[in-house]
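Chemist: Structure incoming, see below.
Just so it is clear, none of the values below were taken in a lab; they were calculated from the coordinates. Predicted model only: the values in this text are computed from it and were never measured. Don't worry about glycine lacking a Cβ; one is built from the backbone with ideal geometry, like all the others, and counts go over all protein chains shown.
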Amino acid sequence: MSVLFETNPVLVSLNFSIVFIGAVIGSIVASIYCSWSRQLRWPLVISYTGFLIFYATMMSVGFGDGKNVWGFNIFLGLGFGGCLTCIVVAAQFSAPPELLSISSGALITARSAGASICFAICNAIFNSQMTKNLPNDIAKAVLPLGLPTQSLGPFIQALADHNDSAFATIEGVTPQIIQAGVHGLQQAYITSLRPLHGFGLALSAIAVIASFFIIDPKRDFNMNVDAPLDAPKEPLKKQINA
């Protein structure tokens, strides 16, 4: 966001905060609907479809789509809030009363572990794409304008490091070449982010398909507390031994 469309840190943070605002709204809506309909399947399908829409739209982002990105983040937030709420409910339904806290903790732990693994994969995808696209896109933009070949390496390094003062020490650099180089840098980011969003799109599609196989526990969807904190300990011990 800060490289492609907006340099104001306040607006960049506000753009990202839309995801969390959408997550709050999505979790509330999912909670109300699940309690009313006693369903988990369709809320999960719709929530993961939000991820699907987000990654599909982000793959189409190009120059001039800065305003559209604000709207795309809403789908990510709604999907995140809805699926997290429903997945926790599904995990608790699948566990016996005496293991509710353990199942909830295991789910959150698995989610954090999965996020760490996916972050490493996404980082590898993006870095490999940038290594390939950054020199090519900047070279295509500045060499036709007369930048000497021997100055291309330092020029790319200065752009990648956002080191504006280094341009004065590079031979053959003009304001027009700098502007073209910035355009090439942005193009490299756009091109490199598409495989990253494609990876997220594939995972979201798998999640949508898997959600269709979720069984709705309508019989158990009630207001009874299976493991109350103030329950007598002796009956619970007998239940575990049985």
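Chemist: Give the value in nm², to one decimal: projected area of the alpha carbon convex hull of the chain, averaged over all directions.
Modeler: Directional mean of the projected Cα hull area for the chain stands at 17.0 nm².
Chemist: Among 62-70, 77-85, 179-187, what's the highest-first ranking by average C-beta atoms within 10 angstrom per residue?
Modeler: The packing order, highest mean first, is 77-85, 179-187, 62-70.
Chemist: Can you give me the relative contact order of the chain as a percent, contacts being Cα pairs under 8 Å and 6 or more apart?
Modeler: 29
Chemist: Rank-order 203-210, 143-150 by packing density, defined as the average count of other C-beta atoms within 10 Å over each peptide's residues, highest first.
Modeler: 203-210, 143-150
Chemist: Would you mind checking the tilt of helix 100-142 against the longest principal axis of the Cα atoms of the chain, expressed as 0 to 90 degrees and rounded to 10?
Modeler: 10
Chemist: For the stretch 108-224, calculate the relative contact order in percent as a whole number, restricting contacts to Cα pairs under 8 Å that are 6 or more residues apart.
Modeler: 33
Chemist: Sticking with this one: Please determine, in degrees from 0 to 90 and to the nearest 10, the orientation of helix 175-211 with respect to the longest principal axis defined by the Cα atoms of the chain, where the helix direction is its Cα long axis.
Modeler: Result, in degrees: 20.
Chemist: Ranking request for peptides 48-61, 126-139, 153-166: highest mean number of other beta-carbon atoms within 10 Å first, then the rest in descending order.
Modeler: Per-residue Cβ counts within 10 Å, averaged per peptide and sorted highest first, yield 48-61, 126-139, 153-166.
Chemist: Give, as a single signed number, the net charge of other residues whose beta carbon lies under 14 Å from the beta carbon of L193, with Lys and Arg counted +1 and Asp and Glu -1.
Modeler: Local net charge: 0.
Chemist: Given the DSSP H assignment, sum -39500 (n - 2.57) over each helix run of at least 4 residues in the chain and divide by its residue total; what's the result at 222 nm in deg cm²/dmol, nearest 500?
Modeler: Helices in the chain give a 222 nm mean residue ellipticity of -25500 deg cm²/dmol.
Chemist: Still on this model: Step through the residues of the stretch 27-40 one at a time and calculate ³J(HN,Hα) from phi using the Karplus curve (6.51 cos²θ - 1.76 cosθ + 1.60, θ = phi - 60°), rounding each to whole Hz and writing x for Gly and Pro.
Modeler: Working through the residues one at a time gives 5, 5, 4, 5, 5, 5, 5, 5, 5, 6, 8, 6, 10, 10 Hz.
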